[in-house]
Amino acid sequence: MRSRQEYDGAIDTLREVGRRARVYASMPLIEGVTPRALMEATGGKESEDPSGLRRKDGIFRLDEIGLSPLDHVALYGDAVFEGILIRNRSIFLYKQHMDRLDRSLEKVDIQMPISRQEITERLLDTCQAVDLPDGVGYIRLVVTRGMGDLGINPAKCITPTVFAIVSTIRLYSKAAYEKGIPLGLSRRVRRPNQAILDPNIKSNNYLNNVLALQEGTKAPGVVESLMLTTEGFVAEATVDNIFSVVRHDGWENDPSKVEIHTPSSEYCLMGITRETVLGLARKRGYRVAARDDMLPIDLVGPGKECFMTGTGAGVMPITHIEAVAVGNGQPGSVTMGLVQDINAMMEDRSNGLPLDTTKEELAAIA
Ligand SMILES: Cc1ncc(COP(=O)(O)O)c(C=O)c1O
């Protein structure tokens, strides 16, 4: 058990989140079950959802609203989600995230109860209610199986709960991008394959990743860990995709001598950042390959670079896997070029949905 003092940092963070964050919540109205804050809320929208149930939404402070303990996201992690970055007051790659959400929903057979246009309007309203320092923030959008009885059967759940937290985000420091970070290795806890849990269902069931992170980050200063498939091939990090850069002779003057390898999407989540960075790499003239036979040893050693990608991390240089150096143990220039490229993309508001998009403009886009 950690001591009270050790919790201090976490408590300060929570207070800060509580001060700024706002939550959008949309639930069916079931007397005696739906959180009263929503039942009694004024100013939200009431509608009939595709199931015919009356539902209501609202925008709340974190201490005003709660989920029902009977929601199957709380009981079983039965839900899907997206984590989306706000940069320069624009929701970065919003369409790509919403399209992936739709794919996850389809895979778990949850029907989104709100139209894309309506959820987008309400997300923008929620973002407007949050003070985002430097225009940077984060949206966690969750669609759950909904409220049901204490059994696991999704057929007994009623229409989904939708909620979104809009908050500030703790990003890696500037120094981390300059120096890179080491990755741990989860030796025992493995990434389940498609037959066990499809990595491309972005579900709220993260216990496997949590255990892998716990196992792989025991060394001081290690904050992310590499996961392997059950066969021992490289899959992904616990919340990030992984890439190896192989530089062949003459790479400095000829981009076709640079190869970027990343595990195939059967082994990992098709990260939005992964897809974006593969596009940026191709634009630079690098050769790109998705592989299903990468071993941890392929990531390390001379002539190599390694990086990971994710919504929160962007492109993060990796300097060591466990204690073994990648290249000379410093971020390489191919990686640093991609860090620059993605930063430029994130700063460009036209790559996302600007927070000041009007409802009329939205209707024209949809
Ligand atoms: C398991 C896993 N892999 C990869 C990623 C990176 O995906 P994205 O770039 O879409 O954030 C995430 C992000 O949540 C993740 O949870």
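Label-to-label distance, E64 versus A363, with points set 7 angstrom from Cα along the beta-carbon direction: 2.7 nm.
The antiparallel fraction among DSSP beta bridges confined to the stretch 174-349 stands at about 60%.
Using R0 = 41 Å, the C-beta based FRET efficiency linking E347 and N153 works out to 0.30. For the residues G329, G43, G83, a GNM of the chain with alpha-carbon springs under 10 Å puts the largest fluctuation on G43. Dipole of the stretch 5-167 computed with +1 at Lys/Arg Cβ and -1 at Asp/Glu Cβ about the Cα centre; of T161, M112, M27, farthest Cα towards the positive end is M112. Electrostatic bookkeeping for P317 treats Lys and Arg as +1 and Asp and Glu as -1; over the other residues with beta carbon under 10 Å from its beta carbon, the sum is -1. Of the residues A129, A325, H261, the one whose Cα sits farthest toward the positive end of the charge dipole of the chain, with +1 on the Cβ of Lys and Arg and -1 on the Cβ of Asp and Glu, is A325.
Computing FRET efficiency as 1/(1 + (r/R0)^6) for K174 and E118, where r is the C-beta to C-beta distance and R0 is 35 Å, gives about 0.40. Two numbers describe the Cα atoms of the stretch 5-167: Rg and Dmax, which are 15.8, 50 Å. Note down the magnitude of the dipole of the stretch 5-167 about its Cα centre, charges +1 on Lys and Arg C-beta and -1 on Asp and Glu C-beta and zero elsewhere, to the nearest 20 debye. Here the size comes out at about 320 debye. Dipole size of the chain about its Cα centre, with +1 on Lys/Arg Cβ and -1 on Asp/Glu Cβ: approximately 360 debye, rounded to the nearest 20. Sparse packing (at most 11 other Cβ atoms within 10 Å of the Cβ) combined with a DSSP loop state is found for none of the trypsin sites (Lys or Arg not before Pro) in the stretch 248-306. Here is the P(r) of the chain: all C-alpha pair distances, binned every 10 Å from 0, give 5, 22, 31, 26, 13, 3, 0 in whole percents.
Applying the Karplus relation 6.51 cos²θ - 1.76 cosθ + 1.60 with θ = phi - 60° to the stretch 331-340 yields 3J(HN,Hα) values of x, x, 6, 5, 4, 5, x, 6, 4, 5 Hz, where x marks Gly and Pro. The length gained on full extension between A325 and A129, counted as 0.36 nm times the residue separation minus their Cα-Cα distance, comes to 66.1 nm. Listed values for the stretch 71-86 are Karplus-derived 3J(HN,Hα) couplings in whole Hz (6.51 cos²θ - 1.76 cosθ + 1.60, θ = phi - 60°), namely 6, 6, 6, 6, 7, 9, x, 8, 5, 10, 8, 9, x, 10, 8, 10, and x replaces Gly and Pro. Once the other residues with Cβ under 11 Å from the Cβ of R61 are scored (Lys, Arg +1; Asp, Glu -1), what is the net sum? Local net charge: +1.
Evaluating 6.51 cos²θ - 1.76 cosθ + 1.60 at θ = phi - 60° for every residue in the stretch 93-100, the Karplus couplings come out as 6, 4, 4, 4, 5, 5, 5, 5 Hz, glycine and proline recorded as x. The residues neighbouring G180, those whose beta-carbon lies less than 15 Å from its own, together hold a net charge of -2 under the Lys/Arg +1, Asp/Glu -1 convention.
By the Stokes-Einstein formula, at 0.890 mPa s and 25 °C, the stretch 174-349 with its Kirkwood radius over alpha-carbon pairs has D equal to 153 µm²/s.
The numbers here are math on the coordinates, done by the rules we state, and not lab data. Source: prediction; values computed, not measured. Virtual Cβ from ideal backbone geometry, glycine too; neighbours counted across all protein chains shown.
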